Amino acid sequence: MDFGPYVRVMSTWSFAVALERLEVIPSAGELFDRIEDAGRIPPRQAFDRPGAARAEDFEDSFDFS
């Protein structure tokens with residue numbers, strides 16, 4: 001599905017890492033460990049697919065300051 005040229009599609013892992021870097025959650029790894037302990041195995045892929053308009057990764061364009 002194409003969400004248009006300004007939307008980047010990211011994995012749940014990428015979102016969790018971004019939340020960790022923004023200090024919203026303490027650890028993406030610990031969160032995913034708890035999810036796995038509950039019987040789910042979510043992928044820890046850094047990026048699913050770059051945005052339609054740009055080829056760089058989400059991390060390259062996100063302002064972590």
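Structure above, values below:
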| item | result |
| --- | --- |
| Full-extension gain in nm, residue 23 to residue 46, via 0.36 nm per residue minus C-alpha separation | 6.5 nm |
| Difference of contour (0.36 nm per residue) and Cα-Cα distance, residue 38 to residue 12 | 7.7 nm |
| Burial order of peptide ranges 13-21, 35-43 (average beta-carbon count within 10 Å, highest first) | 13-21, 35-43 |
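Where a number appears in this text, it was derived from the coordinates with a stated rule and is not lab data. None of the values given here were measured: they were computed from a predicted structure. Positions of Cβ are generated from backbone atoms using ideal geometry, with glycine treated the same way; all protein chains shown enter the neighbour counts.
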